[in-house]
Every structure is written in C-alpha cells, then in structure tokens.
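K.L.:
The structure's right below; bear with me while I get my questions together.
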Amino acid sequence: MLIVIIGPDGSGKTTLAKNIYKNYKDKFKEIKLFEFRYGVLPTLSFFINYFRKKNSINFKEKNYLEKKDRYLSGMNHPKNFINGLILIIWYSLEHLIYKINYYSKNKKSFLHIFARYSHDYVYMRSYKNMPLFIRFIPFFVSKKPDYVFSIKRDSFDIFINKPELTTEEIERQQQIIKKYFSKKTNFHFLNPDSINSKTINTVLEIINKRI
C-alpha cells in the first residue's frame, strides 16, 4: 500500500506520516517512511556540493549560515527553466524506478508512506515558473498512491508554527492542490486546527477500509 501526504511546509505532513507509521508498524511485513524521495538516486546537490568543496574554502561556513536562519527559508527564488527541467527529469526517473520496484513486491505485505510525493512539483514555489505540463511529468510517471491526504490548515496558523513560507504562498499552494488534485478518487482533504488524535483517527478509519 502506498500512502502520500502533501501540503505546504509546516502544515503537519511529517507529523501525520509518523503517526500513521506508528499505528501500522506491527501490521505489515515491511513499512517505510520517506521524506519526499525514494532515495535510489543521489541528489543532484550531491554532485554540485562535491565540486563546491573542491573549489571553495568557505563552502562549509556558507552552508552553516544558510541553515542557521530558517525564517522564510522556503521563499527561495523560483528556479530558471534549465535548472528546473534538469531536476524534474532527474527525480522523475527516480519515481519511475520506484514504480517498477513497487510492482515487483507483494503489495499486501508492505506499507510505504511519503510525507511528500510527485504532486509537490506542481505546487512548490521552486517550480512555479515552469510550464504546467513539465511540472506534471513526475506526477504522470510515478506510482499512483492508494491514498493522498492533504492538510488544509489556516495559513496564519501554519506560519506562526513554522514561518518558512508567507501566508500568501501557503494559500497559493493550497489553491493549486485543491484545483488539480481534490477531485481525484484517492484524494482526501483534512481540515484540522492541528494534527491531533481526532485527525489521526479520521485518517486511520479511511485507511482501514482497504486493509
């Protein structure tokens, strides 16, 4: 079974994913929790950082300073066309490899949970200037999840708890998710004030219908 959780940074994806994992860890032969990537391919930043380390004495210091201040850290400048296209093709390949590996397994014996998935390329700020059909490439080549959950919380509440995106950007991403994914049969919108026991139980009830 494949379960995916999508939404803006700070909406509670990882918290919900960890709670799903906790509730099913003894019910499947294999259960794994992924943060966005399957991990079969190295990140492109691995190659970039390799060359930076060889050519820049201050790379480690620069990297530290970038991570130190997380305020509005998600408001990065959108990628240019070439960089965005390279990244989308690279990670589409990883999603395709995951899809092939998925069908080689006994689907009833394992559960994979992604706190992000191929949907993210459609609404993430980094790719907002890319043509829509290109942003959808990872979505079309990836394995269709059994369930997709999106946490639609108030944008200001998300910002207060984790100020990585502006409220305007949070709302923009929520609107895109609603527009392109909410009518899919495997999609479920959650509208909690926080990731509490009630929210978790609602998700578990939905999942249990297919276990």
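K.L.:
Yes or no: Ile86 assigned to a helix (DSSP H, G or I), closer than 30 Å to Ile100 by Cα and at pLDDT 80 or above?
P.N.:
Spelling it out, Ile86 is indeed assigned to a helix (DSSP H, G or I), closer than 30 Å to Ile100 by Cα and at pLDDT 80 or above.
K.L.:
Select from region 162-173 the residues that are buried (at least 22 other Cβ atoms within 10 Å of the Cβ) and either closer than 26 Å to Gly39 by Cα or out of contact with any helix residue (DSSP H, G or I) (no Cβ under 7 Å at 6 or more places or on another chain) (or both) and list them in ascending order.
P.N.:
Result: Leu165, Gln173.
The rows are residues; the columns are (1) touching a Ser or Thr at 6+ places or on another chain (Cβ under 9 Å); (2) in a helix (DSSP H, G or I); (3) modelled with pLDDT of 95 or more.
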{"site": "Val148", "(1), (2), (3)": "no, no, yes"}
{"site": "Asp157", "(1), (2), (3)": "yes, yes, no"}
{"site": "Glu164", "(1), (2), (3)": "yes, no, no"}
{"site": "Tyr180", "(1), (2), (3)": "no, yes, yes"}
{"site": "Phe189", "(1), (2), (3)": "yes, no, no"}
{"site": "Lys198", "(1), (2), (3)": "no, yes, no"}
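K.L.:
Does Tyr117 satisfy the criteria of being buried (at least 20 other Cβ atoms within 10 Å of the Cβ), part of a loop (DSSP other than H, G, I, E, B) and either within 13 Å of the chain's Cα centre (by Cα) or of a type in the set (S, T, N, Q) (or both)?
P.N.:
yes
K.L.:
Of everything in region 174-197, what is closer than 19 Å to Val148 by Cβ, surrounded by fewer than 14 Cβ atoms within 10 Å (Cβ to Cβ), out of contact with any strand residue (DSSP E or B) (no Cβ under 7 Å at 6 or more places or on another chain) and not charged (D, E, K, R)? Give them in sequence order.
P.N.:
Gln175, Thr185, Asn191
K.L.:
Suppose we filter region 136-161 for residues that are under 18 Å from Gly84 (Cα atoms), touching a residue at least 24 places away in the same chain (Cβ under 8 Å) and surrounded by fewer than 22 Cβ atoms within 10 Å (Cβ to Cβ); how many remain?
P.N.:
The number of residues fulfilling the criteria is 2.
The values are calculated or read from the model by the stated rules, or taken from the named source; none is laboratory data. Everything numeric in this text was worked out from a predicted model, so none of it was measured. FYI the Cβ positions are ideal-geometry reconstructions off the backbone, even for glycines, and counts take in every protein chain you see.
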